[in-house]
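To keep things clear, I will list the structure first and then write my remarks on it.
What follows is calculated from the coordinates using simple rules that are stated; it is not laboratory data. Predicted, not measured: the structure shown is a model, and the values here were computed from it. For neighbour counting, all protein chains shown are included, and Cβ atoms are generated from backbone atoms with ideal geometry for every residue, glycine included.
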Amino acid sequence: MPANDKPAEPILTLTRVFDAPPDVVFKAWYEPEHFKQWFSPAEFTVPDCEIDLRPGGVLRFSMQSPQWLDGKKIWSKGVFREVEVPKRTVSVVNFTDESGTPVKPAHYGLSEDFPDTMVMTVIFEPHDGGKKTTLTMSQSIPLSIAERNGALIGWGQTLDKLAAHLKRM
């Protein structure tokens with residue numbers, strides 16, 4: 001490797017084991033009535049969600065911050081590149097305005113170097129004989145940028161909410 005080339009920085013990747021089989025975790029992740037119950041950091045809600053789970057289909061949702069913060073909605077849209085039920089999905093994701101037009105992440109208070117477009121991969125693997133699921137989620141955000149913008153904390157809280165939702169299912 002030439003002296004001026006450095007290895008690519010790792011991207012945001014989280015792995016968690018859930019106490020539910022892959023088909024149940026997949027359902028919680030991709031059925032709107034379930035997704036709305038957990039897909040946001042602590043104290044945020046998901047008032048809007050539509051999911052067309054197929055290659056070329058769209059995932060569009062809003063997360064609303066708590067009233068004590070500002071009560072604003074943050075809109076996102078993903079287009080599925082790959083869908084393998086209940087094993088894996090790959091989507092291209094970006095922030096949007098309410099009408100679905102892409103906006104810079106800075107529009108929602110993220111840093112200027114936060115990527116405009118991200119590739120998100122979610123893998124659902126059987127664990128403990130299929131009674132549990134090892135979920136691996138990655139987004140093509142350099143880890144240092146994700147950390148600086150609170151994405152690790154936000155995703156940790158979001159996955160905690162998923163674990164709690166799975167217990168209620």
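Given the pairs K87/K161; K36/K87; K27/K131; K36/K73; K27/K161; K27/K72, which are separated by over 25 angstrom at their Cα positions? Can you show the working numbers first?
Working: K87/K161 21 Å; K36/K87 21 Å; K27/K131 15 Å; K36/K73 14 Å; K27/K161 15 Å; K27/K72 28 Å.
Too far apart for the 25 Å limit: K27/K72.
Qualifying trypsin sites (Lys or Arg not before Pro) in the stretch 1-79, where qualification requires a DSSP coil assignment and no more than 16 other C-beta atoms within 10 Å, comprise K72.
Annotation for the stretch 54-124: GluC sites (Glu not before Pro) lying in DSSP loop with at most 16 further Cβ atoms inside 10 Å of their Cβ are E98, E112.
Take the convex hull of the alpha carbons in the stretch 11-168; its mean projected area over all directions comes to 8.6 nm². Building the convex hull from the alpha-carbon atoms of the stretch 70-109 and averaging its projection over directions returns 3.8 nm².
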